[in-house]
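Right, one structure below, let's go through it.
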Amino acid sequence: MLNVNNILETIKMIDEEDLDVRTITMGISLLDCADSDIDKSCEKIYNKITEKAKHLVAVGEQIEKEYGIPIINKRISVTPISMLVAVSGGDPVKYAHTLEKCAQAVGVNFIGGFSALVQKGCAAGDRELMEAIPRALAETEHVCASVNVGSTKAGINMNAVELMGRVVKEAAELTKDRNCIGAAKLVVFCNAPEDNPFMAGAFHGIGEPDCVLHVGVSGPGVVRAALAKAPKDLPMDQIADIIKKTAFKITRMGQMVGAIASQRLNVPFGIVDLSLAPTPAVGDSVAYILEEMGLDSCGAYGTTACLAMLNDAVKKGGVMASSSVGGLSGAFIPVSEDAGMIAAVRNGTLSLEKLEAMTAVCSVGLDMVVLPGDTTADVISGIIADEAAIGMVNSKTTAVRAIPAIGKKVGDELEFGGLLGSGPVMNINQTSCNVMIQRKGKIPAPIQSLKN
Amino acid sequence: MRAVVSVIGKDGVGIMANVSKKCAEVDANIVDVSQTIMQEMFCMVMLVEIDKLKVEYTSFVDVMEKYGKELGLTIHVMHEDIFKSMHTI
């Protein structure tokens, strides 16, 4: 017989501590859909996605019911659309509309892959796609976009950094009557992973198989609850042990769900992304975990150290629980999606500079950060360049998902609703970096790139 | 295949009998029961075989959860694999 305490522990995790599988994401290659006629290309995409993913939502819901574990999102990631634009030419927004139609037809929450990889420079289709992002995001609801502007191997493409500053601003401006939601669906990456199941940055890398199923687990609330039981004088290494054990359990659950889903969908199982992804629900917060470790508020000195240990312990615990770990794997720090982060910004303890430091040790980067509406495109490019530099030098993924709140100023709030939450407009350093950004060109790859 | 039926709530007369009766109605064979009172809360965990259910497994889940609400208890029916995967190496 199973241990009763274990059973009750699992039930408590789900009922009270917001344990869930955050997403099952089907990655679909669109390389065989490329056609020199854009309309034919779109038609092939629609047929392929709606065929491959027709049972995705139903199977997700079936597993939820049978196993009693919530699966919050069912998503699709596709080959970077810039590659299809390269073949077909034409208006990339047509592809966005096709993806939107697919998302609605199969009932997924998001579809990612309106993307371009330009870390070393733009090939055919890349620039057209990047320039089309603001319109694509304004005219669709479920489509997510991402651009990789740098990598440890290639350095940072400053032409793309300059352009993406303007793209982020325009994406917000075109959706200013909808809480600037366009910018919340756009991520600018350095070292973007090709098998990431999390939005808005998911795309299906070209090294991936034709169709694959990834799982993203979550569970900040569970880790927080486990740490809350620890005495205040427990040494940090033992705190790390508690996190590892908890991450192991969470990941095992994700592994099981992924294996069952891939079997039922007859699609190979890709990876488990063992991430602590917060939601705006009170308690389901990464900031609260850091505070549980002994900080009065997230953002206090010590935050970066706590986050570094948390991120590392999550990976160590998770890696043994899964046969294949990938994606972003670690702790996310999206401001608007995390009740503790929102509180820390409101009370002034968490600044953009501290968040930037945290991104050097977390799993991604500056995420869901709301900027004043009058922030210039150059300043946004400067933020992107700094984040990319942290990722490039540390051989890790970094990203910027910043939302300029058009028409709003410091202290105002943006309400996105749902998992995206709400964010206070942050006070940021508006000093100009115009000359540096307008130099463009590229930042050469660092010495770390020479590993061969 | 086996599922875990967990029953948590305020203690009272006949909980075990009522839940067992409901299982019997759909031919869910109870193979193990563990029950305890924790801080005045009634906690029962039943392991039931679900291969020969008279109804679909998913509707058994719904029926039991609904029945729990009628009795003022929280009843979950979950496939045993989830506990095995989380708590064993």
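Structure summary
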| read-out | value |
| --- | --- |
| Cβ-Cβ under 9 Å pairs, at least 6 apart or on other chains, the stretch A:283-298 side touching a residue at least 40 places away in the same chain (Cβ under 8 Å), far side assigned to a helix (DSSP H, G or I) and among the hydroxyl-bearing types (S, T, Y) | A:A287/A:T303; A:L290/A:T303; A:S297/A:T303; A:C298/A:Y288 |
| Residue match in the stretch A:63-71 (condition: assigned to a helix (DSSP H, G or I), among the small types (G, A, S), touching a strand residue (DSSP E or B) at 6+ places or on another chain (Cβ under 7 Å) and within 14 Å of chain B (Cβ to nearest Cβ)) | no |
| Residue list for the stretch A:241-253, restricted to those being closer than 15 Å to A:G221 by Cβ and either among the charged types (D, E, K, R) or buried (at least 21 other Cβ atoms within 10 Å of the Cβ) (or both) | A:I243, A:T246, A:A247, A:K249, A:I250, A:M253 |
| Unmet criterion (only one of (1) within 13 Å of another protein chain (Cβ to nearest Cβ); (2) assigned to a loop (DSSP other than H, G, I, E, B); (3) small (G, A, S)) for B:G12 | (1) |
| Those residues of the stretch A:231-240 which are without any contact (Cβ under 8 Å) to a residue 60 or more places away in the chain and assigned to a helix (DSSP H, G or I), in sequence order | A:D237, A:Q238 |
| One residue from A:A132, A:A103, A:A138 being of a type in the set (G, A, S), under 21 Å from A:H214 (Cβ atoms) and not assigned by TED's automatic domain parsing to the domain that holds A:K442 | A:A103 |
| Within the stretch A:29-62, considering residues that are of a type outside the set (D, E) and in a loop (DSSP other than H, G, I, E, B), the one surrounded by the fewest Cβ atoms within 10 Å (Cβ to Cβ) | A:S36 |
| For A:I76: the one exception among (1) away from chain B (no Cβ under 14 Å); (2) under 30 Å from A:K249 (Cβ atoms); (3) in contact with a helix residue (DSSP H, G or I) (Cβ under 6 Å, 6 or more places away or on another chain); (4) hydrophobic (A, V, I, L, M, F, W, C) | (3) |
| Test: residue in the stretch A:208-230 that is within 14 Å of chain B (Cβ to nearest Cβ), assigned to a loop (DSSP other than H, G, I, E, B) and under 22 Å from A:G270 (Cα atoms) | yes |
| Unique residue being of a type outside the set (A, V, I, L, M) and touching a His at 6+ places or on another chain (Cβ under 8 Å) when the list is B:S59, B:S20, B:S6, B:S34 | B:S6 |
| Qualifying residue in the stretch A:26-38 (condition: under 21 Å from the mean Cα position of the chain (by Cα) and among the β-branched types (V, I, T)) | yes |
| Residue check, A:L84 within 19 Å of the chain's Cα centre (by Cα), modelled with pLDDT of 95 or more, in a helix (DSSP H, G or I) and hydrophobic (A, V, I, L, M, F, W, C) | no |
| Some residue of the stretch A:359-378 being in contact (Cβ under 8 Å) with a residue 12 or more places away in the chain, part of a helix (DSSP H, G or I), surrounded by fewer than 22 Cβ atoms within 10 Å (Cβ to Cβ) and touching a Leu at 6+ places or on another chain (Cβ under 7 Å) | no |
| Where A:D386 falls short, out of the listed (1) touching a helix residue (DSSP H, G or I) at 6+ places or on another chain (Cβ under 8 Å); (2) touching a residue at least 60 places away in the same chain (Cβ under 8 Å); (3) surrounded by fewer than 24 Cβ atoms within 10 Å (Cβ to Cβ) | (2) |
| Number of positions in the stretch A:1-58 that are modelled with pLDDT of 95 or more and within 14 Å of chain B (Cβ to nearest Cβ) | 1 |
| Subset of the stretch B:23-56 [over 19 Å from A:N5 (Cβ atoms) and surrounded by fewer than 18 Cβ atoms within 10 Å (Cβ to Cβ)] | B:A24, B:E25, B:D27, B:N29, B:I30, B:V31, B:E49, B:D51, B:K52, B:K54, B:V55, B:E56 |
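Yes or no, residue by residue, for (1) within 20 Å of A:C298 (Cα to Cα); (2) out of contact with any Pro (no Cβ under 6 Å at 6 or more places or on another chain); (3) at pLDDT 95 or above:
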{"residue": "A:N191", "(1), (2), (3)": "no, yes, yes"}
{"residue": "A:A202", "(1), (2), (3)": "no, yes, yes"}
{"residue": "A:I206", "(1), (2), (3)": "no, yes, no"}
{"residue": "A:H214", "(1), (2), (3)": "no, no, yes"}
{"residue": "A:P220", "(1), (2), (3)": "yes, no, no"}
{"residue": "A:L234", "(1), (2), (3)": "yes, yes, yes"}
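Quick grid of which residues meet (1) assigned to a helix (DSSP H, G or I); (2) within 11 Å of chain A (Cβ to nearest Cβ); (3) of a type outside the set (G, A, S); (4) under 12 Å from the mean Cα position of the chain (by Cα):
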{"site": "B:C23", "(1), (2), (3), (4)": "yes, no, yes, yes"}
{"site": "B:V33", "(1), (2), (3), (4)": "no, yes, yes, yes"}
{"site": "B:C43", "(1), (2), (3), (4)": "no, yes, yes, yes"}
{"site": "B:L47", "(1), (2), (3), (4)": "no, yes, yes, yes"}
{"site": "B:D51", "(1), (2), (3), (4)": "no, no, yes, no"}
{"site": "B:V63", "(1), (2), (3), (4)": "yes, no, yes, yes"}
{"site": "B:M78", "(1), (2), (3), (4)": "no, yes, yes, yes"}
{"site": "B:I82", "(1), (2), (3), (4)": "yes, yes, yes, no"}
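The values are calculated or read from the model by the stated rules, or taken from the named source; none is laboratory data. Bear in mind that the values here come from a model prediction, so they are computed numbers and not experimental data. Note: ideal-geometry Cβ built from the backbone for every residue, glycine included; neighbour counts use all protein chains shown.
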